[in-house]
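Chemist: Just passing along the structure, written as structure tokens.
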Amino acid sequence: MYEVITVTPGSETLLEPLGTKEKFWFELPPDQRLLFKRSLPGSGEHWAEKTVAVLCVELGLPHASYELATYEDQQGVVTPMFVPNDARFVFGNELLARFHADYPGQQKYKVSQHTLSRVMAVIRSTEIDTPMDWECPAEVANPHGVFLGYLMLDCLVANQDRHDQNWGLIASTSTQRIYLCPTFDHGSSLGRNETDQAREDRLTTKDAGRAMPVYVRRARTAFYESTTSKKSMFTLDAYVAWAKTHPAARRYWEKRLRALSLDRVKEIFNNVPDTMIGDLARKFACEIIRLNRERILGLV
């Protein structure tokens with residue numbers, strides 16, 4: 001069973017954003033700085049963050065660590081700072097705005113200028129290194145190959161929230177280098193926002209239009225195919241488009257995915273305490289992964 005950390009009231013050192021207690025920093029000895037992220041009641045954000053982080057371990061992806069946590073009567077997760085004190089996080093929107101005059105400033109969602117090709121151009125820069133303190137497999141080779149793994153993960157867990165502030169770079173002053181950041185913020189995955197009634201209906205319905213295979217195919221990423229696209233790309237389409245430019249990395253990540261057994265997936269969700277996830281949510285999330293795993297590995 002996964003550990004649940006109890007955050008002591010009064011341990012807050014810095015509230016964010018804008019003074020709310022949706023997120024706040026606190027410290028644990030010895031000198032460990034952690035961020036507590038509160039989940040909205042019934043949202044399932046906390047178990048989604050934790051289980052996706054464990055899936056990242058299984059797949060070998062560089063990722064932000066998350067532990068289940070409680071603060072007073074609130075459920076959430078805690079995650080350590082992954083940006084060193086001598087470094088700065090540069091968000092995707094800031095990067096894209098430097099090169100494209102038409103790019104909007106702080107609009108997170110429905111940004112058609114957030115195209116896959118533009119992001120690819122940033123990530124493929126020769127000035128960018130793979131994530132800090134992460135040993136890059138030879139087949140993956142570079143940040144471009146690493147980011148492909150992030151897109152495969154998004155498809156696998158139906159993550160629809162990789163907007164332009166959910167990826168970025170880390171600029172270090174001590175090493176004078178720029179690194180791709182690890183993957184982070186997966187709380188909008190695995191159908192965690194669905195009601196149990198909706199889950200049961202989709203798992204048991206005989207209506208092909210409402211069944212799980214259709215449900216997983218509808219997951220959309222925050223990337224657009226072009227600036228004139230009316231809707232963002234489906235998660236699988238984004239993965240396939242990026243994979244065409246790095247076949248060796250694709251073979252590597254799909255090999256890791258093939259090694260992830262469905263029994264191990266079930267174990268990951270069974271390790272979440274019953275007080276934080278229900279049986280239908282577990283079953284629903286496992287089915288999302290099973291179907292998306294088949295879709296990814298079944299590609300020609």
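Chemist: Arg220 versus Asp274, label points 7 Å from Cα toward the beta carbon: distance in nm?
Modeler: Label at Arg220, label at Asp274, 3.9 nm between them.
Chemist: Also, quick follow-up: Could you check how much of the accessible area of the chain is carbon and sulfur, as a whole percent, using a 1.4 Å probe? Let's see the in-between values first.
Modeler: Working: 7220 of 14420 Å².
The value for the chain is 50 percent carbon and sulfur by accessible area.
Chemist: Please state the shape class of segment 127-246: rounded when a/c is under 1.5, otherwise prolate if a/b exceeds b/c and oblate if not, all from the C-alpha gyration tensor.
Modeler: It is prolate, given that a/c is not under 1.5 and a/b is the larger ratio.
Chemist: For segment 51-208, what class follows from the C-alpha gyration tensor (a ≥ b ≥ c being the square roots of its eigenvalues): rounded when a/c is under 1.5, otherwise prolate if a/b is larger than b/c, else oblate?
Modeler: Judged from the Cα gyration tensor, segment 51-208 comes out prolate (a/c at least 1.5, a/b above b/c).
Chemist: Output the relative contact order of the chain, whole-number percent, from Cα pairs under 8 angstrom with separation of 6+ residues.
Modeler: Relative contact order for the chain comes out at 21 percent.
Chemist: Span-like helices, the chain: DSSP H, alpha-carbon axial extent 15 Å or more, mean Kyte-Doolittle -0.5 or greater, which ones?
Modeler: Length and hydropathy pass: 45-59, 143-157, 279-297.
Chemist: If you don't mind, another one. For the peptides 88-98, 129-139, what is the packing order when you average, over each peptide's residues, the other Cβ atoms within 10 Å and list the highest mean first? If you can, show how the numbers build up before the last one.
Modeler: Details: 88-98: 17.2, 129-139: 15.0.
Listed from highest to lowest mean packing, they are 88-98, 129-139.
Chemist: Once you order the gyration tensor axes a ≥ b ≥ c over the Cα atoms, which shape class does the chain get: rounded for a/c under 1.5, otherwise prolate or oblate by comparing a/b with b/c?
Modeler: Details: a/c = 1.45, a/b = 1.03, b/c = 1.41.
Because its axes are fairly even, with a/c under 1.5, the chain counts as rounded.
Chemist: Taking the Cβ of Val214 as the center, what net charge do the other residues with Cβ under 11 Å away carry, scoring Lys and Arg +1 and Asp and Glu -1? Intermediate results must be reported in sequence, preceding the final value.
Modeler: Details: positive: Arg202, Arg210, Arg217, Arg218; negative: Asp207.
Local net charge: +3.
Chemist: In this model, which of Lys255/Lys283; Lys110/Lys244; Lys23/Lys110; Lys110/Lys266 are farther than 31 Å apart at the alpha-carbon?
Modeler: Lys110/Lys266
Chemist: Next question. Give the peptides 186-194, 70-78 in descending order of average Cβ contacts within 10 Å, highest first.
Modeler: In decreasing order of mean packing, 186-194, 70-78 become 186-194, 70-78.
Chemist: Moving on to the next point. Can you tell me the FRET efficiency between Lys255 and Glu12 if r is taken as the Cβ-Cβ distance and R0 is 45 Å, rounded to the nearest 0.05?
Modeler: Once the sixth-power term is evaluated, E becomes 0.55.
The values are calculated or read from the model by the stated rules, or taken from the named source; none is laboratory data. Computed from a predicted structure; not experimentally measured. Cβ: placed from backbone, ideal geometry, glycine included. Neighbour counts: every protein chain shown. Accessible surface areas use protein heavy atoms only, side chains included; no ligands, DNA or RNA. Shrake-Rupley method; radii C 1.70, N 1.55, O 1.52, S 1.80 Å.
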